[in-house]
Amino acid sequence: MGDKICVLGLGYMGLPTASLFSKNCYDVVGVDVDKNKVDSLNKGEVYIDEKGLNELVKGAISSGRFTAKGEIEEADVFIIAVPTPLDKKNNKADLKYVISASEMIKSVLKKGNLVILESTVPPNTCKNVIIPILEDGLKAGSDFFISHCPERAIPGNTLHELINNDRIIGGLDEESCNKTKKLYSCFCKGDIFLTDLTTAETAKLMENTYRDVNIALANELAKISEKFKISAWEVIELANKHPRVNIHLPGPGVGGHCIAIDPWFLVENTDADLIKTARKINDSMPNHVFKIISEELKDVKNPKITVLGAAYKPDVDDPRESPAIELIKLCEKEKWNVSVTDPHVKSFESDIIGIDEAVDGADCIVIVTDHKEYHKLSPKDLVGVKNKVVIDSRNCIDKRKFEKEGFKVIVLGDYR
Ligand code: SAJ
């Protein structure tokens with residue numbers, strides 16, 4: 001196997017992965033259909049905000065070993081790192097980008113090449129979708145090699161996790177596994193475990209499904225805590241003292257492009273109740289928070305609500321699938337005046353304004369994202385409010401401090 005790698009898709013995972021390969025002595029061509037991304041990269045501009053990525057990509061480009069292009073070209077290895085969005089009409093994976101990347105590869109595929117899928121897909125996608133496209137004259141296993149090497153990196157700490165986490169590689173055969181392992185060993189310091197294609201696809205989905213189901217359990221507890229007049233947060237903290245228990249945390253819902261989506265890929269065309277119910281519970285959380293707000297504001301005419309946090313999780317600038325989106329929709333349906341502030345997010349479907357302007361004249365403050373800035377929030381940051389009510393859906397502010405200053409603080413799941 002030679003040294004040239006072609007990475008298809010220069011997004012949140014493709015770009016860091018391409019740069020890591022290039023830093024570790026491979027010649028890498030990054031291919032993206034978005035001309036703006038290609039132009040930016042070739043000018044040395046990095047459009048993703050990730051710790052260390054800017055320097056890494058710039059170094060890769062100036063070394064001459066990484067170039068971005070709009071068209072695929074011949075290589076020894078092809079890595080598919082394109083998005084696999086959810087088709088929300090039927091809760092199934094939309095594989096159009098995986099299919100078009102496979103078609104592109106087919107046009108330049110040669111004997112001895114290795115094709116690696118990084119994108120998250122439903123079980124059997126490599127076998128039933130990708131291989132049939134690629135097998136146009138060439139035979140998988142004898143003429144070319146194929147594997148699935150799902151990423152496991154958390155947005156916000158992508159590079160560190162790409163380098164240090166263990167990894168799973170599922171191959172069509174032993175040779176596909178071994179060639180892929182050799183390649184990733186150049187930057188991956190974690191252990192690499194080998195298996196077959198469909199097991200690797202399923203393991204990736206199960207990791208995120210485990211988290212989704214576990215969060216649903218915490219959210220269910222938050223809802224039933226009202227009946228027992230207890231705090232779900234304290235119950236979880238205490239239950240987690242057990243050495244084999246790790247209950248996750250309740251919140252206003254599950255956002256991001258992985259955990260709220262991958263469980264659907266796993267249950268496509270099945271009657272898997274638990275996973276579907278967990279999705280339903282987590283999806284119900286923005287409405288649950290909305291009901292708490294409505295109850296609080298039932299006597300206020302034309303209320304003004306201030307949402308603190310548009311990002312789907314703390315300390316990132318990413319608002320994709322954020323529970324804030326659904327919550328704001330529900331409030332706006334009531335014709336309430338909603339303002340949104342977030343110290344990290346730059347572009348969002350509602351205007352993002354500074355905190356002082358956002359809280360000015362507010363009847364209710366709702367904390368949706370537990371950014372580190374909000375952990376440090378103090379009553380003097382909210383002097384402009386009209387009505388001293390804070391709904392903390394992440395249990396992140398110092399409740400006592402606010403209560404001392406006359407605020408009413410309602411923490412999701414805390415009914416003590
Ligand atoms: N959340 C809760 N309660 C919790 C934990 C999370 O409500 O106890 C919410 C967060 O607020 C957020 C959402 O869940 O809205 C998802 O956030 P996350 O940090 O759990 O996960 P992601 O989507 O940023 O990244 C996940 C990671 N998967 C796991 O931790 C199993 C990451 O390792 C994967 O690489 C990534 O999905 C992916 O690309 O699949």
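Taking the stretch 20-77, which residues are without any contact (Cβ under 8 Å) to a residue 12 or more places away in the chain and crowded, with 21+ Cβ neighbours inside 10 Å? Within the stretch 20-77, no residue meets the criteria. Looking at Gly170, is it open to solvent by 10 Å² or more (accessible area, probe 1.4 Å) and among the small types (Gly, Ala, Ser)? The answer is no for Gly170. Among the criteria (1) more than 21 Å from Ser393 (Cβ to Cβ); (2) without any contact (Cβ under 8 Å) to a residue 24 or more places away in the chain; (3) within 13 Å of the ligand (Cβ to nearest atom), the one Asn208 does not fulfil is (2).
Taking the stretch 247-283 as the range and being closer than 12 Å to Asn91 by Cα and within 8 Å of the ligand (Cβ to nearest atom) as the test, the residues that pass are Ala260, Asp262.
Could you please let me know if Ile163 is surrounded by fewer than 19 Cβ atoms within 10 Å (Cβ to Cβ), within 16 Å of the ligand (Cβ to nearest atom) and either among the β-branched types (Val, Ile, Thr) or assigned to a strand (DSSP E or B) (or both)? So Ile163 fits the description; yes.
Which residues, taken from the stretch 316-363, are among the small types (Gly, Ala, Ser), outside any helix (DSSP H, G or I) and buried (at least 20 other Cβ atoms within 10 Å of the Cβ)?
Within the stretch 316-363, the first condition is being among the small types (Gly, Ala, Ser), and the residues that meet it are 322, 324, 339, 347, 350, 354, 358, 361-362.
Now restrict to residues that are outside any helix (DSSP H, G or I): 322, 339, 347, 350, 354, 361-362.
The answer is Ser322, Ser339, Ala362.
Taking the listed residues Leu86, Leu109, the one that is over 18 Å from Pro132 (Cα atoms) and either open to solvent by less than 40 Å² (accessible area, probe 1.4 Å) or of a type in the set (Gly, Ala, Ser) (or both) is Leu86, with no other qualifying.
Among the residues of the stretch 227-246, those that are within 12 Å of the ligand (Cβ to nearest atom) and among the hydrophobic types (A, V, I, L, M, F, W, C) comprise Ala232, Trp233, Ile236.
Could we say that Ile224 is away from the ligand (no atom under 16 Å from the Cβ), under 25 Å from Leu327 (Cβ atoms) and without any contact (Cβ under 8 Å) to a residue 40 or more places away in the chain here?
Details: away from the ligand (no atom under 16 Å from the Cβ): yes; under 25 Å from Leu327 (Cβ atoms): yes; without any contact (Cβ under 8 Å) to a residue 40 or more places away in the chain: yes.
When the stated conditions are applied, Ile224 passes them.
When residues in the stretch 189-227 are screened for being open to solvent by less than 10 Å² (accessible area, probe 1.4 Å) and touching a strand residue (DSSP E or B) at 6+ places or on another chain (Cβ under 6 Å), 3 of them pass.
Where in the stretch 2-86 are there helices (runs of 4 or more DSSP H), lying wholly inside it, with at least 2 residues that are within 16 Å of the ligand (Cβ to nearest atom)? Show your work before the answer.
Numbers: elements: 14-23, 35-42, 53-62.
Counting at least 2 such residues, we get 14-23.
From the list Gly256, Gly251, the lone residue that is modelled with pLDDT under 95 and not polar (S, T, N, Q) is Gly256.
The values are calculated or read from the model by the stated rules, or taken from the named source; none is laboratory data. Fair warning: this is a prediction, and the values are worked out from it, not measured in the lab. Reconstructed Cβ throughout: ideal geometry from the backbone, glycine too, with neighbour counts over all protein chains shown. With ligands, DNA and RNA removed, areas are computed over all heavy atoms of the protein, side chains included. Shrake-Rupley method; radii C 1.70, N 1.55, O 1.52, S 1.80 Å.
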